[in-house]
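A.B. asks: My questions will all concern the structure given below.
Please treat every number below as a calculation from the coordinates, not as lab data. Quick caveat, the model's predicted, so the values are computed rather than measured. Please note: Cβ atoms are built from the backbone with ideal geometry, for glycine as well, and neighbour counts cover all protein chains shown.
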Amino acid sequence: MSRLWPRALNGLLSLVTLLVVAAPFGVSWYLDDLRRHVSGQHDTPVTRVDPADLRRFTETAGRLPARAAPVVVAYHDIRPHGDDPAATEPTGREHYVVTPEAFDAQLTALRTAGYRTISSAQYVDYLRGGEVPARSVYLTFDDGTRGLWSYADPILKRHRMVAASYLITGQVGTHRPYYLSWAEIDRMRRSGRWDFQAHTHDLHTRVQTAPGRLGSPLTHRRWEPATGAQESLAGYRQRLTADFDAMFAAFTAHELPRPQLFAYPFSEIGDATTDPEAAAFSRDLIAARFVAALTNKSLAPQPSSRRSAADGQVERTEVYARTTAAELVSAVVERTAVPAVLPDPFARPWDWRDQHGEPMTELSPLTAGRFPADSPRRAYGTLLAYASADWTGYTVDATLRGLRADGGTVTLLVGVNGDATVSVRVTHGRVALLRAGRVVAEAALDPAATHRVTVTVRDGEVAARVDGGPDLRVVTPTGPGATGGLAVAVDDAEGRPHPSVAALAVTTTG
């Protein structure tokens, strides 16, 4: 027995040594297998869409222009809500998961409304001044989840549509089966239905940016608890550049075309950042390496337009778990550019948004002299906030009433959300033109409760005329950023029945 014990011990030690030596190779093989793995695809049944809804979508298509700027739509994951990919799935994303049945219905609705899908290459060509198919949508999917291959791809094939997946390249093949593998990405690419764009290499996360504060490592410097200090600006720049380099290298290593479009993680573009130096560097780096960046949140409406193309930032319409086919069509229609020809905008209350960017359910604060309960001294409405992004060369005719000598103001704002916004402010006996809050031209009016105002907007100039009198003119910026629509504001510090707009019309200026 005493002789056998050393031999057994030596055998055990040899086995342990073999396992230690082999473990890295085993882990490497396992991870490589995950990256090479191809999940099965699920051919879900065709979703029945209510015929009444289909007729409504067809009627909607008939009211839209034949050719318009493409609308960008943002999805995340497509899979049944009961299909939990893995315990390692990132949390807090269930409200972004669209079921295959809902996705199928949404594509049916878009197709019925006359929309066609375009690729990233076609969208980039549009941003650079090229043409796209009539009434098109650009379908984008953030993160690169496995549901795109397993569920979304067969549905795209059924509808003969295309889409783009925005990859977090450092996550590809990890957290299986949540993220796509490189093998699945290769099959999607070869199908011709998918192309792939950028969503960082490994910055789609939250980090500590200050004591007690979390933020995006893309637009903020990290807080380093060990040193009790913020990451240096030089260190931040080096880290961000290295992440982008790794992302581009991953595309090259897997024979994917270099991405030309970038989607901000969490749509955190840095406009409201607490680290402006870092945010400025990230914007400059993205502008230098991509044609444009996409976000789902913007301080001002930035649909596909001349203005957003020039600014390098495009706002998408986001799809959630509960978004219906009808709601998606409505959102896409809202972002479809229309010409500046509206004989009676007040007859279309669904085209207006309030000062918070929310749909206006009631226009009487603008038209009938009754302020809303939550704003007893001011009313504000923007007309076609998204669809008017490219407006220039248009005329606004308005009849104002209820102006008093002791107070009350009506303001027409043109070129709204662009670089050439001008406010035409009218009171009982005076008109003024304002740029950036500063009066640039003004004139006295015959005191009256009612005035007829005509505002003409051209590229490089705005002219206003009241009651057929002489024009007040102001020079405005020119170019792609100098476009935009119309808003109306009514103010009355007295809080009594206030001025309003009795009539309004928009026409194209020849």
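A.B. asks: For the chain, what does the relative contact order come out to in percent, with C-alpha contacts under 8 Å and a separation of six or more? Don't skip to the answer; put the middle values down first.
C.D. replies: Working: 1084 pairs, mean separation 65.1, N = 510.
Relative CO of the chain lands at 13 percent.
A.B. asks: Next question. Can you give me the angle between helix 182-191 and the longest principal axis of the chain, using Cα atoms only, in degrees from 0 to 90, rounded to the nearest 10?
C.D. replies: Long axis of 182-191 versus the principal axis of the chain: about 50 degrees.
A.B. asks: Relative to the longest principal axis of the C-alpha atoms of the chain, give the angle of the C-alpha long axis of helix 100-112, reported between 0 and 90° and rounded to the nearest 10°.
C.D. replies: 40
A.B. asks: Just grab the label-to-label distance for Tyr320 and Glu224, each label 7 Å out from Cα along the Cβ direction, in nm (one decimal).
C.D. replies: My value for the distance between the label points is 4.0 nm.
A.B. asks: Right, next: Quick one: P(r) of the range 345-508 from all Cα-Cα pairs, 5 Å bins, percents rounded to integers, in order of increasing distance.
C.D. replies: Over the range 345-508, the share of Cα pairs per 5 Å bin runs 2, 9, 20, 23, 22, 16, 7, 2, 0 percent.
A.B. asks: Let me ask you something else. For P(r) over Cα pairs in 20 Å bins from 0, in percent, the choices are [x] 20, 45, 27, 6, 2, 1; [y] 21, 47, 23, 7, 2, 0; [z] 22, 56, 21, 1; which was calculated from the structure?
C.D. replies: [x]
A.B. asks: If each residue of separation counts as 0.36 nm, what is the full-extension length gain between Val207 and Arg128 once their alpha-carbon separation is subtracted? Numbers along the way, then the final one.
C.D. replies: On the way: separation 79, 0.36 × 79 = 28.44 nm, distance 3.56 nm.
Answer, rounded to one decimal: 24.9 nm.
A.B. asks: While we're looking at this one, here's another question. So, with +1 on the Cβ of K and R and -1 on the Cβ of D and E, and no other charges, what is the size of the charge dipole of the chain about its Cα centre, to the nearest 20 debye?
C.D. replies: Computed about the Cα centre, the dipole is about 600 debye.
A.B. asks: On to the next question. Determine how many Å³ per residue the convex hull of the Cα atoms of the range 33-334 encloses.
C.D. replies: 135
A.B. asks: Along the Cα→Cβ direction, 7 angstrom out, place labels at Ala505 and Ala347. What is the inter-label distance in nm?
C.D. replies: Rounded to a tenth, the inter-label distance reads 1.1 nm.
A.B. asks: Separation of the range 237-277 and the range 395-444 by C-alpha centroid, Å?
C.D. replies: Centre-to-centre (Cα) distance: 43 Å.
A.B. asks: A further question follows. What is the helix-to-structure angle for 233-253, meaning the angle in degrees between its Cα long axis and the longest Cα principal axis of the chain, kept from 0 to 90 and rounded to the nearest 10?
C.D. replies: 70
A.B. asks: About its Cα centre, what dipole magnitude does the range 33-334 give when the only charges are +1 on Lys and Arg Cβ and -1 on Asp and Glu Cβ, stated in debye to the nearest 20?
C.D. replies: On the way: 36 positive and 36 negative charges, 154 e Å.
So the dipole magnitude of the range 33-334 works out to roughly 740 debye.
A.B. asks: Rounded to the nearest 20 debye, what is the charge dipole size of the range 345-508 about its Cα centre when +1 sits on each Lys and Arg Cβ and -1 on each Asp and Glu Cβ?
C.D. replies: So the dipole magnitude of the range 345-508 works out to roughly 240 debye.
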